[in-house]
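Engineer: Following this message is one structure expressed as structure tokens.
What follows is calculated from the coordinates using simple rules that are stated; it is not laboratory data. Since this is a predicted model, take the numbers as computed values, not measurements. No Cβ is skipped: glycine too gets one built from the backbone with ideal geometry, and neighbour counts run over all protein chains shown.
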């Protein structure tokens, strides 16, 4: 596993997705109820950024392309047309910077 710094704590706002790329992998970071969450940034239905979507409740992002919904805590698809999972990543703030753990 590798720990990568992806931004500053101030880069992520409550309910506003923040997109980063870690070693070629797009990741969407969310701040919800004061906690950070990181999931794969690609909808499992079609290649479209989940960070371009909209938060529809505290822990659900809706893909802007076809309306599939994902749980930001797990990356799991909650509605069709998406299925499966976008994946999730450990994420935290350390000394004001956001760190994500990814496989090497």
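Engineer: Tell me the volume per residue, in Å³, of the convex hull enclosing the alpha carbons of the chain. Spell out each step's value before the answer.
Structural biologist: Numbers: hull volume 8.4 nm³, N = 104.
Each residue corresponds to 81 Å³ of Cα convex hull volume.
Engineer: Rank these for me by crowding, 36, 31, going from fewest to most other beta carbons within 10 Å. Intermediate results must be reported in sequence, preceding the final value.
Structural biologist: Numbers: 36 19, 31 22.
If I rank by nearby Cβ atoms, fewest first, I get 36, 31.
Engineer: Relative contact order of segment 2-102, please, whole-number percent, based on alpha carbon pairs below 8 angstrom and at least 6 residues apart. List each step's numbers first, then the result.
Structural biologist: Numbers: 244 pairs, mean separation 27.8, N = 101.
For segment 2-102, the relative contact order is 27 percent.
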